[in-house]
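First the structure, in the form of structure tokens, and then the observations on it.
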Amino acid sequence: DSGVTQTPKHLITATGQRVTLRCSPRSGDLSVYWYQQSLDQGLQFLIQYYNGEERAKGNILERFSAQQFPDLHSELNLSSLELGDSALYFCASSVNPENSPLHFGNGTRLTVT
Amino acid sequence: QQQVKQSPQSLIVQKGGIPIINCAYENTAFDYFPWYQQFPGKGPALLIAIRPDVSEKKEGRFTISFNKSAKQFSLHIMDSQPGDSATYFCAASAETSGSRLTFGEGTQLTVNP
């Protein structure tokens, strides 16, 4: 068990809807990362937060947004969902944003119908 | 260029065999190279990692070989077991980009009894 908790485990929703994915990092970790894993794209970095502040952005769509709260948990908001957004969404955490190991949660499987 | 190229896409070995998974990178700023193991329904789990100041690192049955001049690194699994059957991802990060990882495409390893 990595210590990173993601909820929900599964989410099924319709196109055009909005969903929120939640992540609680490992105790003591200040940095949170979101990754998308799809069959044809592998693990793609979306966004990183450190101690509540956005640190880096990757291939994140404008329809997606995230935030990290004062208690360090993070939420990824996906809106105007499309079929192509169906994927596994992973959260990872690390102690600090400078080259410390990433520990991943077990992901949220999003299915858009 | 932020890509990490991984091969092969899939690999089947017999129990006791030594599967080898290879990765190549282009960004010379990369200075941290971890390998992750992922079982179905789980998130990637950190297996072993290396920094470019050494050419080899062993942890149990897992060995990373690193060739800085060729910009390549590989994972060797000694005395492979059916329980090693999983998807393996190489990754890389640069101090300048913090801890966020760029992943290879993944290798699905099957170890037959």
remark   = Residue hits (region B:93-113; surrounded by 17 or more Cβ atoms within 10 Å (Cβ to Cβ), away from chain A (no Cβ under 11 Å) and either over 13 Å from the mean Cα position of the chain (by Cα) or at pLDDT below 95 (or both)) are B:111
message = It is to be established whether one or more residues within region A:54-66 are facing chain B (nearest Cβ under 8 Å), out of contact with any Leu (no Cβ under 7 Å at 6 or more places or on another chain) and of a type outside the set (Val, Ile, Thr).
response = yes
ask   = With respect to residue A:1, is the statement that it is out of contact with any Cys (no Cβ under 7 Å at 6 or more places or on another chain) and exposed (fewer than 15 other Cβ atoms within 10 Å of the Cβ) true?
value = yes
remark   = Among the residues of region B:23-48, the number that are under 12 Å from the mean Cα position of the chain (by Cα) and surrounded by fewer than 17 Cβ atoms within 10 Å (Cβ to Cβ) is 2
ask   = For region B:64-107, how many residues are in a loop (DSSP other than H, G, I, E, B) and under 11 Å from residue B:32 (Cα atoms)?
value = 4
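The values are calculated or read from the model by the stated rules, or taken from the named source; none is laboratory data. Nothing here was measured: the structure is a model prediction, and the numbers come from that model. Virtual Cβ from ideal backbone geometry, glycine too; neighbours counted across all protein chains shown.
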